[in-house]
Amino acid sequence: MMAISSKRLSDGECAWVDPSTGEIINVDRAWQKSDKRIALRRREQALLAAAGMDGPQAHWYVLRVEDRADIAVDKSLEDANVERVMLHTEAEPKRRGGRKHQCLEPVRVPSFPGYIFVKVVSCPVAWAGLRTIKGVLGPIGGCDNPSPVSEQEIVKFQARIEQDPEAIRLLTNALKAGDKVAIDSGPFAGFEAVVLMLGDKRKVSVEVDIFGRKTAIGFDLAEVTKLD
């Protein structure tokens, strides 16, 4: 016969006996633990609400996440109403067992694994809220001095990597003939140029001063940045 260990309860404590094991459970202490968990969850929700705040003080930052946690963190940020961008491409999932006729939905593959852009108001409460999400490490630059990123840079990434039609439209509408731009990539990176015309297929023709001679060159929209 199995011996059942006894537990001494103080006067006034409420107890319940588990019928399967005979173990005495202190109901009061169980409720206290439950209340603490509820209070912690409410605090996490309040912190995440702060992270989702928008307004003129909100800026884009690069959030570091744990290895292979990108998709889960992106979903958690969506659930918390935090504006975010996880740059990705779509790939065909691996087929199991060599099934040639198996139709599978494309899967999202992070383009920059370990990094997600978030738009938040930089403050201790917001960063503390984001760090309650499993897999979040913190912003590049640290919570005390995070490094902001311009929205134009994110749009250019979306146009170049994801071929996002909306991002391409924004870049196209942002430029007109006569605008000054900086060239961001290729042998002319760092050169300033003047927009001549916007072409088809996400191209822009610019005039560059090369060794004192004006030369027209075509670039992808994502390869130039409009200068103020």
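The values are calculated or read from the model by the stated rules, or taken from the named source; none is laboratory data. None of the values given here were measured: they were computed from a predicted structure. Cβ coordinates were reconstructed from backbone atoms using ideal geometry, including for glycine residues, and neighbour counts include every protein chain displayed. Ligands, DNA and RNA are stripped out before the accessible areas are found, and what is left, the full protein with its side chains, is counted by its heavy atoms. Shrake-Rupley method; radii C 1.70, N 1.55, O 1.52, S 1.80 Å.
The number of residues in the range 110-156 being closer than 22 Å to residue 228 by Cα, in contact with a strand residue (DSSP E or B) (Cβ under 6 Å, 6 or more places away or on another chain) and open to solvent by less than 70 Å² (accessible area, probe 1.4 Å) comes to 2. When 215, 172 are screened for being in contact with a strand residue (DSSP E or B) (Cβ under 8 Å, 6 or more places away or on another chain), modelled with pLDDT of 80 or more and polar (S, T, N, Q), only 215 passes.
Residue check: is residue 185 under 21 Å from residue 167 (Cβ atoms), of a type outside the set (A, V, I, L, M, F, W, C), surrounded by 12 or more Cβ atoms within 10 Å (Cβ to Cβ) and in contact with an Asp or Glu (Cβ under 7 Å, 6 or more places away or on another chain)?
Working: under 21 Å from residue 167 (Cβ atoms): yes; of a type outside the set (A, V, I, L, M, F, W, C): yes; surrounded by 12 or more Cβ atoms within 10 Å (Cβ to Cβ): yes; in contact with an Asp or Glu (Cβ under 7 Å, 6 or more places away or on another chain): yes.
Answer is yes for this residue.
Is it the case that some residue within the range 167-178 is crowded, with 16+ Cβ neighbours inside 10 Å and more than 27 Å from residue 108 (Cα to Cα)? Yes, there is a match, as at least one residue in the range 167-178 is crowded, with 16+ Cβ neighbours inside 10 Å and more than 27 Å from residue 108 (Cα to Cα).
Tell me, yes or no, whether the range 157-165 has at least one residue that is of a type in the set (Gly, Ala, Ser), at pLDDT 80 or above and either open to solvent by 20 Å² or more (accessible area, probe 1.4 Å) or closer than 17 Å to residue 224 by Cα (or both). Let's see the steps before the verdict.
The initial filter retains those residues of the range 157-165 that are of a type in the set (Gly, Ala, Ser), namely 159.
If we keep only those that are at pLDDT 80 or above too, we end up with none.
No, there is no match, as no residue in the range 157-165 is of a type in the set (Gly, Ala, Ser), at pLDDT 80 or above and either open to solvent by 20 Å² or more (accessible area, probe 1.4 Å) or closer than 17 Å to residue 224 by Cα (or both).
Scanning for something among the aromatic types (Phe, Trp, Tyr), over 30 Å from residue 215 (Cα atoms), touching a residue at least 40 places away in the same chain (Cβ under 8 Å) and not in a helix (DSSP H, G or I), does the range 120-136 turn up at least one residue? Scanning the range 120-136 turns up no residue that is among the aromatic types (Phe, Trp, Tyr), over 30 Å from residue 215 (Cα atoms), touching a residue at least 40 places away in the same chain (Cβ under 8 Å) and not in a helix (DSSP H, G or I).
Give me the strands (runs of 3 or more DSSP E) completely within the range 24-95, filtered to those with at least 2 residues that are modelled with pLDDT of 70 or more, ordered by residue number.
58-65, 83-85, 88-91
In the range 208-219, the residues that are without any contact (Cβ under 8 Å) to a residue 12 or more places away in the chain form Cβ pairs under 6 Å with partners that are surrounded by 12 or more Cβ atoms within 10 Å (Cβ to Cβ) and assigned to a strand (DSSP E or B), at six or more places apart or across chains, as follows: 214/207; 215/208.
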